[in-house]
Structure formats: C-alpha cells, structure tokens
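I am attaching a structure below and will ask some questions about it afterwards.
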Amino acid sequence: MDKQDRTGNPEKVRINEALVDRLFFAEHYQLALQGVPESQTIVGVFYENGKCVTPNYFKARYWYQMAAKNGEANAQFHLGRMYDQGKGVRQDFVMAAEWYSKSAEQGNARAQFNLGLMYEYGEGVAQDYLEAAKWYRKAAKQGFSNAQFKIGRMYDQGKGVRQDSDTAAEWLEKAAKRGNEKARFYLKFK
C-alpha cells in the first residue's frame with residue numbers, strides 16, 4: 001500500500017519482517033545472556049521454531065530450562081510441551097506433567113489445559129477426572145476456548161463434576177462464541 005512521506009510524496013512502505021525478527025532476537029539474546037528469564041524464553045522459542053536462526057531443540061531446551069529454573073511460567077509450559085510431544089527429548093509424560101504443573105500453578109492457561117488433558121487421560125499422572133475438571137475450569141475462566149469446551153463436556157457427561165446440563169451449555173456457548181468449532185458442532189446436537 002502506498003503511503004506518503006512527510007513531504008507528501010508517496011512511497012512504498014514495507015516493513016522488512018525478517019530484519020525486525022533479527023533485531024528482536026539479538027536484543028533478547030543479549031538480555032538472555034544477562035539472565036532475564038522472559039528473554040531466555042523468547043530465545044528458546046526462536047530456536048524451537050527456527051525463526052531467523054537454525055532450528056535447534058537442544059538450544060531451545062537449554063534456554064527454556066534456564067528461564068524455568070527462575071520460575072518463568074511460559075518456559076515451564078514450553079518444557080512441558082517438549083516432553084509431552086518428544087520434541088528434542090525422549091517423550092516423558094511424567095516430566096511433562098511436572099513442568100505443566102509448575103506453569104499451571106502460576107496461572108498459565110495453556111499449561112492448565114494441558115495438565116487437564118493429562119489428568120483426563122492418565123498420561124504422566126494417575127487418571128483423575130476431578131483434577132482434570134479443576135484444571136480445565138481454571139483455564140476456561142481465563143477464556144481459553146478449548147478448556148471451555150472440555151469443561152462443558154465434563155459437565156454434560158458428569159465426569160469429575162456433578163452432571164449439570166445448564167452449566168455445560170454455558171461453557172459450551174462461551175467456547176462457541178470464541179470460535180471453538182468443536183463446541184459449535186456439539187451444541188448443534190444438544
């Protein structure tokens with residue numbers, strides 16, 4: 001799109017996203033070296049996703065671990081996901097649950113949801129629908145639509161909670177309003 005410069009002359013304005021990414025990475029890499037946990041997490045994400053650097057799960061895990069040891073909830077979530085999916089590490093559901101739990105306790109909705117999944121399906125922890133519902137509810141209250149769908153289904157089926165069609169419908173409708181297609185589909189048959 002053409003824009004005008006200060007003199008009124010049109011010029012093509014295009015942000016070089018790759019350059020912005022490189023500058024962003026360089027800034028956070030320096031902060032990560034200084035021990036800033038949030039920057040360590042960002043550097044880990046760049047290495048995991050291969051954004052402006054060569055993808056490297058070993059380096060990603062290193063930076064996540066540095067930040068996670070300092071209590072950074074997002075890094076703890078990412079470590080949990082790496083162990084959950086076996087990305088750059090041997091798949092280990094017990095380790096995944098431990099990292100998700102640390103992050104979830106700090107309020108990370110993605111970790112709360114994933115911990116709920118682990119409890120629902122008994123991966124890395126003993127299967128416990130009550131615990132699954134607890135973690136889904138926490139993530140759902142933060143607006144995480146997948147968790148809203150899951151807690152809605154649990155209320156509908158009476159898994160880990162007292163069966164309650166009205167509460168189920170409330171959560172499913174919230175999820176559907178946030179664009180959750182599974183919730184929309186599920187509500188069509190209710």
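The values are calculated or read from the model by the stated rules, or taken from the named source; none is laboratory data. All of these numbers come straight from a predicted model, not from anything done at the bench. All Cβ positions, even for glycine, are placed from backbone atoms using ideal geometry, and neighbour counts span all protein chains on display.
Which is assigned to a helix (DSSP H, G or I), in contact with a Gly (Cβ under 6 Å, 6 or more places away or on another chain) and either of a type in the set (Lys, Arg) or more than 24 Å from Ser39 (Cα to Cα) (or both), of Leu115, Leu130? Before the answer, list the steps.
On the way: Leu115 fails: in contact with a Gly (Cβ under 6 Å, 6 or more places away or on another chain).
The match here is Leu130.
For region 133-144, name all the residues that are part of a helix (DSSP H, G or I) and either under 18 Å from Asn74 (Cβ atoms) or touching a residue at least 60 places away in the same chain (Cβ under 8 Å) (or both).
If we filter region 133-144 for residues that are part of a helix (DSSP H, G or I), which is where we start, we get 133-141.
The answer is Trp135, Lys138, Ala139.
Oh, and also: From the list Ala168, Ala147, pick out the single residue that is part of a helix (DSSP H, G or I), among the small types (Gly, Ala, Ser) and farther than 26 Å from Gly86 by Cα.
Values: Ala147 fails: farther than 26 Å from Gly86 by Cα.
Matching residue, one of Ala168, Ala147: Ala168.
Six or more apart or on different chains, Cβ atoms under 9 Å: show the pairs whose first residue is in region 101-115 and at pLDDT 95 or above and whose second is of a type in the set (Val, Ile, Thr).
These pairs meet every condition: Ser101/Val125; Leu115/Val125.
Oh, and also: Going through region 157-174 one residue at a time, which ones are closer than 21 Å to Gly122 by Cβ and either in contact with a Ser or Thr (Cβ under 9 Å, 6 or more places away or on another chain) or not basic (Lys, Arg) (or both)?
Going residue by residue through region 157-174, those that are closer than 21 Å to Gly122 by Cβ are 157-161.
The answer is Gln157, Gly158, Gly160, Val161.
I'd like the full set of residues that are hydrophobic (A, V, I, L, M, F, W, C), over 13 Å from Ala75 (Cβ atoms) and modelled with pLDDT of 90 or more, limited to region 1-45. If you could, list the steps in order and put the result at the bottom.
The initial filter retains those residues of region 1-45 that are hydrophobic (A, V, I, L, M, F, W, C), namely 1, 13, 15, 18-20, 23-26, 31-33, 36, 42-43, 45.
If we keep only those that are over 13 Å from Ala75 (Cβ atoms) as well, we get 1, 13, 15, 18-20, 23-26, 31, 33.
If the condition is that a residue be hydrophobic (A, V, I, L, M, F, W, C), over 13 Å from Ala75 (Cβ atoms) and modelled with pLDDT of 90 or more, then Leu23, Phe24, Phe25, Ala26, Leu31, Leu33 are the ones that fit.
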